[in-house]
Ligand code: SF4
Ligand code: SF4
């Protein structure tokens, strides 16, 4: 029951994650100076919110980002940060 409710809140009919299902007060951003363009974050992002060209800095589409945090965990170059939506400061 609870699982069904959560699924309907966070996913579209086709099973893909909804854009910004939760209006969390933070956002994810890729630091273009640290990003190596390795493609890992793009591969793990189920919302297909990350784009870029290999070897160059990738970017996150905030309209598509569901704020799951998966990309940040996988980036071995620590190029992805969670920032406070209002102050822009890094948020734990
Ligand atoms: S995983 Fe990190 S280094 Fe690789 S493309 Fe994504 S942000 Fe850039
Ligand atoms: S936090 Fe990262 S992995 Fe999660 S939806 Fe946003 S861009 Fe994709």
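The values are calculated or read from the model by the stated rules, or taken from the named source; none is laboratory data. Since we're looking at a predicted model, the values are computed, not measured. Note: ideal-geometry Cβ built from the backbone for every residue, glycine included; neighbour counts use all protein chains shown.
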The residue from 65, 71 that alone is part of a helix (DSSP H, G or I), within 11 Å of ligand 2 (Cβ to nearest atom) and crowded, with 17+ Cβ neighbours inside 10 Å is 71
Does residue 33 fit the bill of being more than 13 Å from the chain's Cα centre (by Cα) and either part of a loop (DSSP other than H, G, I, E, B) or free of Cβ contacts under 8 Å to residues at least 24 places away in the same chain (or both)?
yes
For the range 39-51, does any single residue satisfy the condition of being assigned to a loop (DSSP other than H, G, I, E, B) and more than 12 Å from ligand 2 (Cβ to nearest atom)?
yes
So residue 77, is it modelled with pLDDT of 95 or more and surrounded by 17 or more Cβ atoms within 10 Å (Cβ to Cβ):
no
Taking the options 17, 25, name whichever one is under 15 Å from the mean Cα position of the chain (by Cα), within 19 Å of residue 73 (Cβ to Cβ) and modelled with pLDDT under 95.
17
